[in-house]
Amino acid sequence: MAINLASKYADQIAEVFTRASFIKGKTAETFDLTGVKTLKVYTPITVEEVDYDRDGGLARYGDVTEMQDVVQELTMTQDKAFTLTIDKGNNLDQNLVKNAADMLRLQLNEKSTPAADKYAFSRFVHMAGTIAESDKPTKANIVSKIADASQALDDALVPDDNRYLYLTSEMYKLVCTSDEFASVDVLARQSIAKGVCGEVFGMNVVRVPKSYLPENVWFLVAHKDAVLMPYKIADAKVHEDPVGVSGALIEGRHYYDAYVLGAKCGGVYALVNTGLVSAAPVIGEDGKITGTGSIRYTLDGSDPRYSDSAADYTSGAVLTPEAGCKIRAFAEASGKYPSAVAAG
């Protein structure tokens, strides 16, 4: 039987073009999920200021209320693994080109890292504080649409630093050839970090492969402190000649997830294709909610997209908000992104 041997002049395997993570180092590092599967993030709720009352006695500063919290529950869901062997005989026949450490790196670069990045981008878009709609941008309007995103972050009081604009090469090309930036070389400056290729409106531009962003998502803007991608386990190992294997056994496991922090959701903006965002529900004066798709709501004034107190709405139910609060609700239809939050 003929054996397909590697050429004696080939001392390494031709690798598929791969890139390191586009997200690593560009997310918040404040929270530690070590030792738990679920993490609850508590965000204090501030109160409105009132006029000081000189004759108000003990209530000069207003009515005393205990500070409350909005709770967001984060649960790890992505527990991925892989295993493969490198038979010693096959490796010898191929001139020892399958070094176990190199094959492990290949597996991580070609499979594990891209899968994690794609999942994170999908989650960031789905959980974005603002999901705007637009037909596919053109050279004439791409810069204007990015400016809208920048303005949305400004209005949400998001810090200027550590803003990242993720877009595909197709969208990047439109920016580079637009009239507004045709004569500006800021986009072509030397990269300052992995994947960063310049700035637009003070945002770090990160070019990502088309397959990384969800289909029909034109671009994503995320402030570093508004998104989270914790890894509880990032484990990989090589076993030499384990029981039952003549050669190397490679194993790896990755336990991670990705979130948008509700308290800082104003720092995440996604532009998606027209028709992909669910219609916002309508909250009537009678305490009933109407809309299409599934509806979630809160009665304590917290954002139902992130709050631990959010509940599913049952058609026809009459809701009564807590004192001083409004009913807040959003809808999500099948195959669409969540709507904006309605209040009433």
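The values are calculated or read from the model by the stated rules, or taken from the named source; none is laboratory data. All of these numbers come straight from a predicted model, not from anything done at the bench. Cβ sites come from the backbone with ideal geometry, for glycine too, and all protein chains shown count toward neighbours. In case anyone asks, the SASA skips ligands and DNA or RNA and just uses the protein heavy atoms, side chains included. Shrake-Rupley method; radii C 1.70, N 1.55, O 1.52, S 1.80 Å.
Brief remarks on what is shown
- The set of residues in segment 237-260 that are crowded, with 18+ Cβ neighbours inside 10 Å and either among the basic types (Lys, Arg) or in contact with a Gly (Cβ under 8 Å, 6 or more places away or on another chain) (or both) comprises 247, 260.
- Filtered by the rule that a residue be touching a Lys or Arg at 6+ places or on another chain (Cβ under 7 Å), in a loop (DSSP other than H, G, I, E, B) and more than 23 Å from residue 68 (Cβ to Cβ), segment 267-316 gives 276, 278, 316.
- Residues satisfying the stated conditions in segment 295-344, i.e. free of Cβ contacts under 8 Å to residues at least 40 places away in the same chain and under 14 Å from residue 72 (Cβ atoms): 296, 298, 304, 310
- Within segment 231-251, the residues that satisfy the criterion of being of a type in the set (Gly, Ala, Ser), closer than 13 Å to residue 87 by Cα and touching a strand residue (DSSP E or B) at 6+ places or on another chain (Cβ under 9 Å) are 246, 247, 248.
- Answer from 2, 10 - the residue that is modelled with pLDDT under 60 and farther than 23 Å from residue 105 by Cα: 2
- When segment 199-210 is filtered for residues that are open to solvent by 10 Å² or more (accessible area, probe 1.4 Å), in contact with a Lys or Arg (Cβ under 7 Å, 6 or more places away or on another chain) and modelled with pLDDT of 90 or more, only 204 remains.
- Per-region count, segment 151-168, residues in a helix (DSSP H, G or I) and either in contact with a Gly (Cβ under 7 Å, 6 or more places away or on another chain) or open to solvent by 70 Å² or more (accessible area, probe 1.4 Å) (or both): 4
- Screening residue 253 against (1) touching a residue at least 60 places away in the same chain (Cβ under 8 Å); (2) part of a loop (DSSP other than H, G, I, E, B); (3) farther than 30 Å from residue 138 by Cβ leaves a single unmet condition, (2).
- Filter result (out of contact with any helix residue (DSSP H, G or I) (no Cβ under 7 Å at 6 or more places or on another chain), among the hydroxyl-bearing types (Ser, Thr, Tyr), crowded, with 19+ Cβ neighbours inside 10 Å and over 30 Å from residue 85 (Cα atoms)) within segment 98-150: 150
- Residues that are closer than 22 Å to residue 38 by Cα and surrounded by fewer than 24 Cβ atoms within 10 Å (Cβ to Cβ), drawn from segment 211-227: 224, 225
- Of everything listed in (1) among the hydrophobic types (A, V, I, L, M, F, W, C); (2) closer than 30 Å to residue 208 by Cα; (3) open to solvent by 60 Å² or more (accessible area, probe 1.4 Å), the single unmet condition for residue 47 is (2).
- Scanning segment 53-91 for residues that are in contact (Cβ under 8 Å) with a residue 12 or more places away in the chain and of a type in the set (Gly, Ala, Ser) yields a count of 3.
- Remark: pairs (first residue in segment 208-219, within 18 Å of residue 145 (Cβ to Cβ); second residue open to solvent by less than 30 Å² (accessible area, probe 1.4 Å) and of a type in the set (Gly, Ala, Ser); Cβ separation under 7 Å; 6+ apart in sequence or on different chains) = 217/270; 218/134.
- At least 3 residues being modelled with pLDDT of 85 or more is the threshold, and among the helices (runs of 4 or more DSSP H) wholly inside segment 64-131 those reaching it are 113-126.
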